[in-house]
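Heads up: the structure comes next, in structure tokens.
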Amino acid sequence: MDPFKKQQIDAAKQAALAVLSHNAHGPYQGLPRTAGWGYPEPYTRDLMISILGMFASDNPQLIAVIRNVLETLAKNQTEHGHIPSLVHDKEDRGSSDTTPLFLFAVGIYRKATGKQDFLQHAVRKALAWMEYQSPSDRALVAQQPTSDWRDEQWVTGYGLYVNSIVYSSLRLLGQDERAERLLREIGQLTITGGRIPPHVREGLTIKNKPYYAFWSYKIYSSERFDLLGNSLAILSGIASPARARKMIAWIEAECIDMRKNGELAVDLPPNFFPFIQPEDADWLPRYEKFNMPGEYHNGGIWPFICGFYIAALVASKKFKLAEEKLSVLTELLKNSQNASLPFGFNEWFKAQKGKPMGQDWQTWSAALYLYAVKCVEERRTPFFDEIRINRAKSRPRR
């Protein structure tokens, strides 16, 4: 790597550690903040995702913080096994991704510490909860709109992101039989043509496209591209190595076209594209306030998701491309709402301008940057490597 770029990355790593240390204790029972100033609450999904960066930091204080978060979540788990949306508030419920993310984070904690029985009772309850999240009583889990991290965007039925987290958590926890069932169902094609043929079950694979559907349910589906879900599909081995390489080539080609068309100002992929336009059938009136094209969940550039994408590039052995994207992300993270910050680690950026639009010093922006750096520097993807190895031992898929 170019020495100047390496120097910039090292500076950003130190800044990311400073963000995580600053956010480690907030006003709610001393639990971590979600952002340095704007979000003092301990949001479960943000902190569960951030565990990857906490362990990448090799910082014992941060690892102790995440253990406290996991133990607090276990205490606030519902009778039926659901994990709340706020770590400290057992009554704040309804998220589709918090329970699978809890399982994912516990799996990582166990792998990293060797404590294989950590929170075993809570894990059993959470696994039972997930068994009941399939309306067809199969392996794919379903969700209500705006119930995952996209709290301003509709995902109906079987969403790729949530099912990718479920699959990853099952592998981490040694639930290989359940993981295999889920893998087979994700591999089923989405249904088109307005009718469900006898004995056909819908899945998340799209005919003649290298990526997976945004969501699918019965005869309905969305073929818009979800960067987070598909990056997780690559990292976890849901996507075969051949499919992953085709997907990455497709992503990069689409981004070149978006830059030519003025839809993208930065050499990093948006979280979601093509953007939903007001004239499209899946446009909702509320999007005019929160989700204009190229903004927020409708195509904003999210640093934490770019961190997952960079890790996915490493998993696919696209090492040079991963280094290039990491350098671009490092430069982007210098931008902030507060001009006095050397690194803003902002929440999200407007795709067409590369302008920071969210909160500065976002915990998961800093954490996934650290994880992406570790992946690039070591040319491996901690925790996901083992998941892919287990996937490779199973019967081959296209």
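Just so you know, all these numbers are worked out from the coordinates, no wet-lab data involved. What you are looking at is a predicted structure, and each value in this text was computed from that prediction instead of being measured. Methodologically, a virtual Cβ is constructed for each residue, glycine included, from the backbone with ideal geometry; neighbour enumeration extends over all protein chains shown.
When the chain is treated as a GNM, springs tying every alpha-carbon pair under 10 Å, which of I63, I256, I191 comes out with the largest mean-square fluctuation?
I256
Starting from the Cα gyration tensor of region 173-269, take the square roots of the eigenvalues, sort them a ≥ b ≥ c, and report rounded, prolate or oblate (rounded when a/c is under 1.5, otherwise prolate if a/b is larger than b/c, else oblate). Provide the component values of the computation, followed by the final result.
Numbers: a/c = 2.64, a/b = 1.44, b/c = 1.83.
In terms of gyration-tensor shape, oblate.
Hey, could you grab the Kirkwood Rh for region 15-393? Inverse mean 1/r over distinct alpha carbon pairs, Å, one decimal. Write out the running numbers ahead of the final one.
On the way: mean 1/r = 0.0485 Å⁻¹.
So the Kirkwood estimate lands at 20.6 Å.
Charges at C-beta only: +1 for Lys and Arg, -1 for Asp and Glu. How large is the resulting dipole of the chain about its Cα centre, in Debye rounded to 20? List each step's numbers first, then the result.
Working: 50 positive and 43 negative charges, 275 e Å.
The dipole of the chain has a size of about 1320 debye.
Take the Cα radius of gyration of region 285-391 and divide it by 2.2 N^0.38 Å, with N its residue count; two decimals is plenty. Provide the component values of the computation, followed by the final result.
Values: Rg = 15.0 Å, N = 107, 2.2 N^0.38 = 13.0 Å.
This ratio for region 285-391 stands at 1.15.
Given springs between every Cα pair under 10 Å in a Gaussian network model of the chain, which of P135, P84, P270 has the largest fluctuation?
P135
Would you kindly derive the ³J(HN,Hα) couplings of region 14-24 from the backbone phi angles with the Karplus curve 6.51 cos²θ - 1.76 cosθ + 1.60 (θ = phi - 60°), listing them in order in whole Hz, with x for Gly and Pro?
5, 5, 5, 4, 5, 4, 5, 5, 4, 8, 5
Can you tell which of I206, N298, F118 lies farthest toward the positive end of the dipole of the chain, using +1 and -1 charges on the Cβ of basic and acidic side chains (Lys, Arg; Asp, Glu)?
I206
Say R0 is 22 Å: what FRET efficiency, to the nearest 0.05, do I256 and K355 get from their beta-carbon distance? If you can, show how the numbers build up before the last one.
Working: r = 21 Å, r/R0 = 0.95.
Approximately 0.55, to the nearest 0.05.
Hull surface divided by four, with the convex hull built on the Cα atoms of region 54-182: how many nm²?
So the Cα hull casts an average projection of 7.9 nm².
With θ set to phi - 60°, apply the Karplus curve 6.51 cos²θ - 1.76 cosθ + 1.60 along region 300-317 and write out the HN-Hα couplings as whole Hz, x wherever there is a Gly or Pro.
For region 300-317, the Karplus-derived couplings read x, 8, 10, x, 5, 6, 4, x, 5, 5, 4, 4, 5, 4, 5, 4, 8, 6 Hz, x marking Gly and Pro.
Take the alpha carbon atoms of region 246-319, find their center, do the same for region 98-175, and report the distance between the two centers in whole angstrom.
25
What whole-number distance in Å separates the alpha-carbon centres of region 34-79 and region 362-380?
The two parts, judged by their Cα centres, are 16 Å apart.
Output ³J(HN,Hα) for region 189-197: one whole-Hz value per residue in order, computed from phi by the Karplus curve 6.51 cos²θ - 1.76 cosθ + 1.60 with θ = phi - 60°, and x for Gly and Pro.
Rounded to whole hertz, the list is 6, 5, 9, 10, x, x, 8, 9, x.
Cα gyration tensor of region 183-235, axes a ≥ b ≥ c as square roots of the eigenvalues: rounded (a/c below 1.5), prolate (a/b > b/c) or oblate?
Working: a/c = 2.41, a/b = 1.73, b/c = 1.39.
The shape class here is prolate.
Which order, highest average first, do 221-227, 275-281, 51-57, 363-369 follow once you tally other Cβ atoms within 10 Å for each residue and take the mean per peptide? Each step should come with its number before you reach the end.
On the way: 221-227: 21.9, 275-281: 12.9, 51-57: 25.9, 363-369: 30.3.
Result, highest mean Cβ count within 10 Å first: 363-369, 51-57, 221-227, 275-281.
Under a 5 Å amide H to amide H cut-off, with H placed in plane at 1.01 Å, what residues pair with L86 once short-range neighbours are removed?
T44, D92
Put +1 on the Cβ of every Lys and Arg and -1 on every Asp and Glu Cβ in region 107-243; which of V166, S216, S236 then has its Cα farthest towards the positive end of the dipole?
Comparing the listed Cα positions along the dipole, S236 ranks first.
Report the full-extension gain for the segment E377 to K115: residue separation times 0.36 nm, less the Cα-Cα distance, to one decimal in nm. It would help to have the intermediate numbers written out before the result.
Details: separation 262, 0.36 × 262 = 94.32 nm, distance 2.71 nm.
Going from the current span to full extension adds 91.6 nm.
Contour minus end-to-end for E152 and H80, with contour as 0.36 nm per residue of separation and end-to-end as the Cα-Cα distance? Present the calculation step by step, with values, prior to reporting the outcome.
Details: separation 72, 0.36 × 72 = 25.92 nm, distance 2.68 nm.
Gain in length upon complete extension: 23.2 nm.
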